[in-house]
Amino acid sequence: MKTLTVTERLAANRFVLDEEQPHIVVHQELAKATGTAARIIAACPAKVYSWAADGSVAVEYAACLECGTCLAIADPGTLEWHYPSGPYGVQFREG
Amino acid sequence: MSAEVDFDVIVIGCGPAGAITAYQLAKAGRSVAVIERGETPGSKNLSGGIMYCHAIKQVFPNFLTDAPVERLISRNALVFTNPSSHVAIDYGDDRLHAAGTAVTVLRARLDGWLAEQCEAVGAMVMPGLRVDGLVRAGGRVAGVVAGEDELRSHVVVAADGVNSFIARGAGLRPKPPPEQLALGIKAVVKLSQEIIADRFQLSGDQGAALAMVGAVTDGIASGAFLYTNRESLSLGLVLRLDDLTAQGGDSSALFERFLAHRFVAPLIEGGRLIEYGSHLVNEGGQAMIGNLVFDGLVIVGDAAGLTINTGLTVRGMDLAVGSGIAAARGIERALEAGDYSAGGLDGYRLALAESFVGRDMKTFAKAPRFMENHRLYGDYGALLADIFHGVYNLDLAPRRRMVSLGRQVLRDSPVSLRDLVGDGLRAVTAL
Ligand SMILES: Cc1cc2nc3c(=O)[nH]c(=O)nc-3n(C[C@H](O)[C@H](O)[C@H](O)COP(=O)(O)OP(=O)(O)OC[C@H]3O[C@@H](n4cnc5c(N)ncnc54)[C@H](O)[C@@H]3O)c2cc1C
Ligand code: SF4
């Protein structure tokens, strides 16, 4: 099987995007100062987080697989993360 | 004292733990609501996929024929992987298959089926709704808040899975430290039944379960899995969060290397990836269970920390089912007595402790410590491969018997004899 990039792997999934309400908010300064930013950028299996050109953490919340890993390894106060509301977010068809 | 309620019991989450609790109570004639945030039950859920069936057969005697099970496991293998070699212990047994001990499942289908069973006995399943918090009245839990709505019940069941946000949000459970959690990353790869049968030496509805350690995770605890479904493979990594972050691990890149590993790549060759997901796994064992019964609230399944990972098997679904059975028993007693306090619900704690769940959690209490041992994820695989290399790599040197070969390999390995003996003893007492 050809090696697929994370974007190609995510393309196999069904997502229902909540355009109004992002379910992830990064508190930039504290996230960088505590090392949380680097940690979640590396650990997220969907590559939701990345360094933006201006040195902040960019958040592609539409790709989130809702595992909760980022929150589990984030220092207190660096990240607001909750499940998307209602029917939004990833929809596993296999699981 | 008997305040107005909308339901006797409200269950948060329609995974196996919640569904079984709801099914048992609704079947006994109680009014039950199951609130599930997924658009359809199962659409938020993911597991490796081996379900040990002993518990669920108590609830559904025809589980194997009625439920959407994929294959009946007839072959289990443990594979030590190195960058350029592997050593496997491969165990196939018709008895496992005949008894229907374990099956592969895909959660989007299984959980949908469980929800249907709940509805068939009169439970109200409410999908597409996220519970945001608990209603408190008179110092006890008295219902749930979901969006604009507030629903009241005598008892609330937190069956909301590994993140356990409901109990955590109410201050009833601490946030687990990273060493008590692992990141599970999984792909489902489509392959034909014929190819699966050939590649894994299976016939009919037989299935294989492969557990891997070592190079497949770059030496990070705790391992990888590959399970056969009817027409697809479930495969992925389970990466303990403390270990992953300590090594600055890029989990997505690790996953790509896993799919390309020399042992894994040929098994998925020609397949098509049809889903990519991730989910946390409890790794703390008995140490992370905590208090499960409060005034008006019980916690079941993953939300209560009920998972056992021994490296050979990951078990959470059967424990979720077992906790659902025990919770229903405890809640039934509380409803009969009209006492919804922690004391009134304590029957759950007792039933759980007496059940296989309580006993197995205790038996495997040392497994998490054992699984912290890094020799499992590198040195032992290399050691085994070197021994077998000595056996099979016939060259001009005079042959030696295996014992003396083993001694030589051990001398050259970073593993000392004392490590080997100690780890052997620890394995015997932990697993
Ligand atoms: C990669 C991986 C491999 C695994 N392999 C195996 C295996 O091979 N065998 C095995 O037995 N176990 C395995 N497990 C563990 C197993 O998946 C879990 O133990 C099991 O799913 C727990 O069931 P549960 O009902 O407690 O929780 P879940 O199945 O997680 O169900 C929780 C439910 O609650 C819902 N929910 C959550 N929050 C809310 C809210 N606020 N409002 C409404 N609904 C909510 C969720 O959508 C979900 O439906 C694995 C886990 C992972 C991640
Ligand atoms: S929840 Fe999981 S997938 Fe979503 S952003 Fe966090 S780590 Fe990434």
Buried accessible surface, A vs B, both sides, probe 1.4 Å, in Å² to 100, equals 3800 Å²
In a Gaussian network model over chain B where Cα atoms closer than 10 Å are linked, find which of B:92, B:381, B:49 has the largest mean-square fluctuation.
-> B:92
Given the protein assembly as shown, what percent of its DSSP beta bridges are antiparallel, to the nearest 5?
-> 70 percent
Summing -39500 (n - 2.57) over the DSSP H runs of n ≥ 4 in chain A and dividing by its residue number, what mean residue ellipticity at 222 nm do you reach, to the nearest 500 deg cm²/dmol?
-> -5500 deg cm²/dmol
Environment charge at residue A:89 (Cβ cut-off 14 Å; Lys +1, Arg +1, Asp -1, Glu -1) | -2
Taking 7 Å along the Cα-to-C-beta vector as the label spot, tell me the residue B:428-residue B:265 distance in nanometres, rounded to one decimal.
-> 4.1 nm
Cα-based shape type of chain B, given that a ≥ b ≥ c are square roots of the gyration tensor eigenvalues and the cut on a/c is 1.5 = prolate
Counting only the heavy atoms of the protein chains, how much of residue B:130 is accessible to a 1.4 Å probe, in Å² to the nearest 10?
-> 50 Å²
What order do B:8, B:295 take when sorted by accessible area (1.4 Å probe), most exposed first?
-> B:295, B:8
Only Cα pairs under 8 Å and at least 6 apart count here; give the relative contact order of chain B as a rounded whole percent.
-> 19 percent
Can you tell me the FRET efficiency between residue B:203 and residue B:394 if r is taken as the Cβ-Cβ distance and R0 is 35 Å, rounded to the nearest 0.05?
-> 0.50
Net charge of neighbours whose Cβ lies under 15 Å from the Cβ of residue B:31, counting Lys and Arg as +1 and Asp and Glu as -1 = -3
Surrounding charge for residue A:14, neighbours by C-beta under 10 angstrom, Lys/Arg +1, Asp/Glu -1, total -1
Choice from A:78, A:36, A:69 showing the highest fluctuation, given a GNM over chain A with Cα pairs closer than 10 Å | A:69
Take the alpha carbon gyration tensor of the protein assembly as shown, find the square roots of its eigenvalues, order them as a ≥ b ≥ c, and report rounded if a/c is under 1.5; if not, report prolate when a/b exceeds b/c, else oblate.
-> prolate
Solvent accessible area, Å² - residue A:67, 1.4 Å probe, full protein context | 10 Å²
DSSP-loop GluC sites (Glu not before Pro) across the range A:10-42, with at most 13 other Cβ within 10 angstrom | A:19, A:20
Quickly estimate the mean residue ellipticity at 222 nm for chain B, helices only: each DSSP H run with n ≥ 4 gives -39500 (n - 2.57), and the total goes over all residues, rounded to 500.
-> -10500 deg cm²/dmol
Only residues of the range B:287-302 count here: report those whose backbone N is under 12 Å from the spot 7 Å along Cα→Cβ of residue B:170, or say none.
-> B:292-300
Given a 1.4 Å probe and every protein chain left where it sits, what share in percent of the accessible area of the range B:1-155 is carbon and sulfur?
-> 50 percent
Can you pick out the pairs among B:57/B:362; A:32/B:362; B:44/B:190; A:2/B:44; A:47/B:175 whose Cα atoms lie more than 31 Å from each other?
-> A:32/B:362
Residues of the range B:115-162 that bury at least 10 Å² of accessible area, probe 1.4 Å, when all protein chains are present rather than the chain alone, are B:128, B:130, B:160
Contact order normalised by residue count of the range A:14-86, Cα under 8 Å, 6+ apart, percent = 43 percent
Over all residues in B:266-275, what is the mean tally of Cβ atoms on other chains that come within 10 Å of each residue's Cβ?
-> 3
Write down the accessible area per residue of the range A:14-86 in Å², having rolled a 1.4 Å probe over the full set of protein chains.
-> 44 Å²
Modelled FRET efficiency - R0 22 Å, residue A:52 with residue A:17, Cβ distances, 0.05 increments = 0.60
Could you please state how large a percent of the accessible area of the range A:14-86 is carbon and sulfur, counting protein chains only and using a 1.4 Å probe?
-> 56 percent
In Å², nearest 10: area of residue A:80 left accessible to a 1.4 Å probe | 90 Å²
Max mean-square fluctuation residue, GNM over chain B, Cα-Cα springs under 10 Å, options B:124, B:317, B:212 = B:124
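The values are calculated or read from the model by the stated rules, or taken from the named source; none is laboratory data. These numbers were taken from a predicted model, which means no experiment stands behind them. Every residue, glycine as well, gets a Cβ built from its backbone with ideal geometry; the counts of neighbours run over all protein chains shown. Accessible surface is based on the protein model in full, side chains and every heavy atom, while ligands, DNA and RNA are left aside. Shrake-Rupley method; radii C 1.70, N 1.55, O 1.52, S 1.80 Å.
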